[in-house]
Amino acid sequence: MSLELCAKVANSNSKASTDYQVIKLKGNVAMATNLRNTIRYQGTPFPSDIDCVVDSETFMKTYKVFKAPIVKREEQSLKLTEGKTKAEISLKESFFPFEVDKEIREGTTSVEPKNFIAAVDAISSFLALSTPKTTPEAYIIGKFIYVTDGKFLVRTPIETEFPEQTERPLTLSKEFVDILLAVKKPAVEILVSQDSFVVIFEDLWIETSRYAGDMPADFESYFAYNTDKILEALPEDVLGTLKSICDLGDKDDTISFSKMGISLMKQGKVSFNIAYEMPSLFMMNCDALKTILNVGAEFNFEDIKRVLFKGKNVEGSWAKYSAFVAAPQEPAKASA
């Protein structure tokens, strides 16, 4: 699986970056990068004299044919042998931009992961809610991981004690999160520096580059603004049926909420209705609602412009126009 993750990172490079659609092999180490994310796997069964670069897609397709091949470096190829089965993979002359056998720790802060991977898993479905116009971002701020795309704002608590960031946030892209969750092992250490964020597993080193960016809005104030709102569970039969009609909807379909009930709208027409009175009139995208229903256990639909929800280790809001509601301002004091 770890070699497959290396290939996944390498293959994520665009067609214009074919020089990086490769895996660097050196002894028992395999490494791949797309310049934003880099993965280093220290656990291949290859001999110590292996030192070469191979096309990632060709290598993985060939390697999967074997169970436990003998791997030998030839002058212009990598030879795989197992019983009567033999294969050769041509070597690439690509330049690999990183030192394979070097772990850079200078200038980093070591952090104990604690519940970091579980927290990332809790918000991962919201990172998948990307559209051509919006790309969700995850931010590590204080004791929470926040995710927003401008319409929804979600958070989950973390026990991991990261160093305070004052100039630019610690961000997690969907691609980086997908790689972390695909490992399916506990992390053993996290390293944070000005330029990178590294999550270390037993035999994997997964790094993402940090780019310049402004510190995000004061997310905490938006959650504080809604602390007095009452959230309640939907009846089980209504919740189950609502999830089912979300499955029936296409990506661009919407769900309408009103005193007449809950309806799936296809091309502006009602195609399915649940006779359950809702307190306000509003419409919501099927994909967004499905994600909220899958993580939420309690909801508040009273505001015509936003839905509040809370589930196990996750809470948040979805808004028709903007996820952010400014906290009420104190009245201006009269001048003397």
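The values are calculated or read from the model by the stated rules, or taken from the named source; none is laboratory data. Values in this document were obtained by computation on a predicted structure and should not be read as measured data. Using ideal geometry, Cβ is built from the backbone for each residue, glycine included, and neighbour counts are taken over all protein chains shown.
Points to keep in mind about this one:
- On the stretch given as the stretch 139-180, residues that are in a loop (DSSP other than H, G, I, E, B), under 17 Å from the mean Cα position of the chain (by Cα) and either over 28 Å from residue 1 (Cα atoms) or hydrophobic (A, V, I, L, M, F, W, C) (or both) total 4.
- Per-region count, the stretch 47-64, residues within 19 Å of residue 8 (Cβ to Cβ) and in a loop (DSSP other than H, G, I, E, B): 1
- Among residues of the stretch 59-80, those that are in contact with an Asp or Glu (Cβ under 8 Å, 6 or more places away or on another chain) and of a type in the set (A, V, I, L, M, F, W, C), counted: 6
- Leading residue by the ranking (farthest from residue 275 (Cα to Cα)) among those in the stretch 206-233 that are surrounded by fewer than 19 Cβ atoms within 10 Å (Cβ to Cβ) and modelled with pLDDT of 90 or more: 230
- Matching residues, the stretch 188-212, being more than 14 Å from residue 39 (Cα to Cα), in a loop (DSSP other than H, G, I, E, B) and not aromatic (Phe, Trp, Tyr): 188, 193, 194, 195, 210, 212
- All conditions in (1) touching a residue at least 40 places away in the same chain (Cβ under 8 Å); (2) in contact with a Ser or Thr (Cβ under 7 Å, 6 or more places away or on another chain); (3) over 18 Å from residue 11 (Cβ atoms); (4) of a type in the set (S, T, N, Q) hold for residue 37, with the sole exception of (3).
- Residues in the stretch 14-47 that are under 26 Å from residue 74 (Cα atoms) and either of a type in the set (D, E, K, R) or loosely packed, with under 15 Cβ neighbours inside 10 Å (or both): 8 in all.
- Of the listed requirements (1) assigned to a strand (DSSP E or B); (2) surrounded by 14 or more Cβ atoms within 10 Å (Cβ to Cβ); (3) not acidic (Asp, Glu), residue 90 misses just one: (2).
- Condition check for residue 7 on (1) assigned to a loop (DSSP other than H, G, I, E, B); (2) under 22 Å from the mean Cα position of the chain (by Cα): one failure, at (1).
- Among the residues of the stretch 130-155, those that are surrounded by 22 or more Cβ atoms within 10 Å (Cβ to Cβ) and farther than 15 Å from residue 208 by Cβ comprise 146, 147, 148, 152, 153, 154, 155.
- Residues located in the stretch 236-257, provided they are within 9 Å of residue 287 (Cα to Cα) and either touching a residue at least 40 places away in the same chain (Cβ under 8 Å) or not hydroxyl-bearing (Ser, Thr, Tyr) (or both): 246, 247, 249, 250, 251, 252, 253
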